[in-house]
Amino acid sequence: MRKGFWLFTRLERRQLEHAIRAATEIIRHDIVVIIGSQAILGSFTEDELPIEATMSEEVDVALMEDDDAQSLATATGFGEMSQFHETHGFYVQGVGMDTAVLSEGWVDRLVKVNNANTNGRTGLCLEPHDLCAAKLIAGRIKDRIFVKALLEHGLVDADTIASRLETIRNDDIRRDRALACVRSSVGR
């Protein structure tokens, strides 16, 4: 068994900050975008969140400039199965901005994480309702569990998620499936 491997890994805010610091230092950019589930740690601490919302070893990091996405995706040293992963119990996954289908206006709602723990560098995290909309569009079981837990704990609002989903264009089938999912999760 790999050192540092746990059956269940629960990420914490300090680890998100570490991921931001590591990613920006390795790729020599001052700003990254956190688009995966761990973006939730930009808005809430692990103590405020249900365990289902922080169960991941992976922090998905993207760059706003797609032409630079390749440098992040190919950056070595902090990905899955790396020494970084083994040492810290989590890893940073470089992804392109096209990895997530995002609702209209998401850029204006990004949550900024910038402090001493990020060495003054910035992680822009998806706002929780935008994150939930993107997760429901992805449609995986783990994504539905994530959103359901946030809804059940009153951390996000189903109507706001639905309104964000309604702005998604060019993906009607997944959008409609996601809308049905969010509405059924609150008994509508």
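Considering the stretch 138-163 alone, what residues qualify as being in a helix (DSSP H, G or I) and out of contact with any helix residue (DSSP H, G or I) (no Cβ under 7 Å at 6 or more places or on another chain)?
Within the stretch 138-163, Ala138, Ile141, Lys142, Lys148, Glu152, Asp159, Ser163 qualify.
Looking at this structure, is Val182 surrounded by 15 or more Cβ atoms within 10 Å (Cβ to Cβ) and within 16 Å of Ala39 (Cβ to Cβ)?
For Val182, the condition - surrounded by 15 or more Cβ atoms within 10 Å (Cβ to Cβ) and within 16 Å of Ala39 (Cβ to Cβ) - is not met.
Which condition does Val92 not pass, out of (1) part of a helix (DSSP H, G or I); (2) buried (at least 19 other Cβ atoms within 10 Å of the Cβ), if it passes all the others?
Checking Val92 against (1) part of a helix (DSSP H, G or I); (2) buried (at least 19 other Cβ atoms within 10 Å of the Cβ), the one that fails is (1).
Looking only at residues in the stretch 100-134 that are surrounded by fewer than 20 Cβ atoms within 10 Å (Cβ to Cβ) and polar (S, T, N, Q), which one is farthest from the chain's Cα centre (by Cα)?
Out of the qualifying residues, it is Asn119.
Can you pull out the residues in the stretch 54-74 that are among the small types (Gly, Ala, Ser) and either at pLDDT 80 or above or over 25 Å from Lys135 (Cβ atoms) (or both)?
Ser56, Ala62, Ser71
Only one of these is under 18 Å from the mean Cα position of the chain (by Cα) and loosely packed, with under 14 Cβ neighbours inside 10 Å: Ile161, Ile137, Ile141. Name it.
Ile141
Are any residues in the stretch 113-141 among the charged types (D, E, K, R) and touching a residue at least 60 places away in the same chain (Cβ under 8 Å), and if so, which ones?
Across the stretch 113-141, the qualifying residues are Arg121, Glu127, Lys135.
Considering the stretch 164-186 alone, what residues qualify as being of a type outside the set (Val, Ile, Thr), closer than 14 Å to Ala134 by Cβ and in a helix (DSSP H, G or I)?
If the condition is that a residue be of a type outside the set (Val, Ile, Thr), closer than 14 Å to Ala134 by Cβ and in a helix (DSSP H, G or I), then Arg164, Leu165, Arg174, Arg175, Arg177, Ala178, Leu179, Cys181 are the ones that fit.
The values are calculated or read from the model by the stated rules, or taken from the named source; none is laboratory data. For clarity, every value in this text was computed on a predicted model and none was experimentally measured. All Cβ positions, even for glycine, are placed from backbone atoms using ideal geometry, and neighbour counts span all protein chains on display.
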